[in-house]
Amino acid sequence: MALRIGVIGVGMIGQDHIRRLTTVLAGSTVTAVSDTDAARAREVAARFAGVEAFATGEELIASPAVDAVLVCSWGPSHRQYVTAAIRAGKFVFCEKPLATTERDGLAIIDAEVAHGSRLVQVGFMRRYDPAYRAMKASIDGGEIGAPLMFHSCHRNASVPSHYTADMAIVDTAVHDIDVARWLFAEEVSEVMVVTPKKSARGGLLQDPLLILLRMAGGAIVDVETSVNIDFGYDIRGEIVGETGTVALAESATVLVKRGGTVAARVPEDWRERFSRAYDVELQDWVDGCLAGTASGPSSWDGYAATVVTDAGLAAAASAAWAKVNLRDKPSIYG
C-alpha cells in the first residue's frame with residue numbers, strides 16, 4: 001500500500017519534492033496540495049491525476065485521503081501545520097527551519113511529547129549526503145582521532161532580492177550548524193560572529209560572514225557564509241582530528257584537462273549539489289512512515305538549530321560570544 005502524502009507549500013522546493021515523490025521514489029503517492037497562493041495550488045494539482053487542491057493546510061491535514069504531511073511552506077507557518085499534523089496523529093516531514101523562533105520550536109516539541117512518540121522529521125538533508133556520511137563514518141570509526149576543529153563553508157552564486165542580513169545565519173548557516181551537531185554528536189555551547197571586509201557584490205548585506213561555534217566538548221567550528229560568490233554553489237568541509245583530517249571532496253564528477261588547463265563543473269545551486277541527498281532523505285521518511293516509525297533529524301534537532309541561530313543573531317549584534325541555552329532534552333528524542 002502506498003503512503004498518501006499531502007504537500008503544504010508548492011513553491012520551488014515543494015514542487016521539486018512532488019516530482020521526487022511521483023517519479024523517483026517508491027512507496028508513496030501525492031494525493032493533496034495546498035498553498036497560500038490558491039491558483040498555484042490548483043495549477044500544480046492539475047498536473048497529476050488524483051491530486052486535490054485544498055484551500056488551507058489544516059483542511060489538507062484533516063483529509064482522510066492524506067496519511068502523512070510534507071510541509072514546505074514559509075518558515076513562520078511551520079508551527080501551525082506541524083502541530084496540526086501532530087494533533088491529527090499523522091507523520092510530518094518539515095523542511096527547515098522547523099521553527100523561526102524558540103517559542104515555536106518548543107510548542108512543536110511539547111505537542112510531540114504530549115502525543116507520546118516521534119512523528120516529525122526535519123529536512124536537514126546534509127545528513128543524507130554520501131560525502132557527509134563518509135565523513136561522519138571516519139570520525140565515528142576513530143580514523144582521525146578525537147575531532148578538534150571543523151572548517152565549514154557555504155557559498156552561493158547569488159541570493160534573491162528578498163534575502164535579508166539575518167538569513168545568512170538563520171537560513172544559510174543553519175545547515176552547517178546542524179551538520180556540526182551531528183558530526184560531533186554534541187550540542188553547541190556558544191556562538192560568535194565576525195564580519196570580514198564586505199564584498200562589493202553583497203549590496204546592503206554584510207557578506208561574507210564568519211560564524212564561530214564552540215561545541216560542548218570544546219571543539220571549535222568556523223562557518224563561512226558567502227552568498228554572492230558568483231562562480232557557483234560551493235559546499236566545503238574539513239574536520240581536523242588529533243591524528244589526521246577528513247574533508248569533503250570536490251563535488252564535480254569529472255575533471256577535463258585541455259589546452260594547458262584543468263576544469264570542473266561547479267554546481268549551480270542546492271538542487272544540483274544535494275539531489276541524491278534529497279532522494280535518500282525522503283525515501284527514508286516514506287519507508288519510516290510505512291513502518292510506523294519516525295527517524296532522521298528530529299524536532300529536537302530543529303529546535304536546537306533555531307536556538308543556536310538565535311544566539312548567532314545576538315552575537316552579531318554584540319560582537320561577543322553568545323551562550324546557547326537549551327531546555328532539558330525529552331526522553332522521546334533519545
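Every number in this text was worked out from the coordinates using simple rules, so none of it is lab data. What you are looking at is a predicted structure, and each value in this text was computed from that prediction instead of being measured. In this analysis, Cβ positions are derived from the backbone assuming ideal geometry, glycine residues included, and neighbour counts consider all displayed protein chains.
Counting charges near Gly9 (Lys, Arg +1; Asp, Glu -1) among other residues having Cβ under 12 Å from its Cβ returns a value of -3.
Taking 12 Å as the straight-line reach from the Cα of Lys136, the aspartates and glutamates in range (excluding those fewer than 8 positions away in the same chain) are Glu238. What angle do you read, to the nearest 10 degrees and between 0 and 90, between the alpha-carbon axis of helix 78-87 and the longest principal axis of the chain? Its long axis makes an angle of about 50 degrees. The local environment of Ser73, defined by Cβ-Cβ distances under 10 Å, has a net charge of -2 under the rule Lys, Arg +1 and Asp, Glu -1.
Working from label points 7 Å from Cα in the Cα-to-Cβ sense, the Arg327 to Leu313 distance is 1.9 nm. In a shell of Cβ-Cβ distance under 14 Å around Ile86, excluding Ile86 itself, what net charge do Lys and Arg (+1) and Asp and Glu (-1) give? Counting the neighbours of Ile86, the net charge comes to 0. Spin-label pair Met1-Glu43: with each label point 7 Å from Cα along the Cα-Cβ axis, the two points sit 3.6 nm from one another. In the chain, the longest principal axis of the Cα atoms and the axis of helix 299-318 are about 50 degrees apart.
Spatially, segment 72-115 and segment 216-289 are offset by 28 Å when compared through their Cα centroids. Listed values for segment 39-54 are Karplus-derived 3J(HN,Hα) couplings in whole Hz (6.51 cos²θ - 1.76 cosθ + 1.60, θ = phi - 60°), namely 5, 5, 4, 5, 5, 5, 4, 5, 6, 10, 5, x, 9, 9, 8, 9, and x replaces Gly and Pro.
Across segment 113-265, Cα pairs under 8 Å and at least six residues apart give a relative contact order of 31 percent.
Working note: Karplus 6.51/-1.76/1.60 with θ = phi - 60° gives segment 203-208 the couplings x, 7, 6, 7, 9, x Hz, where Gly and Pro are set to x.
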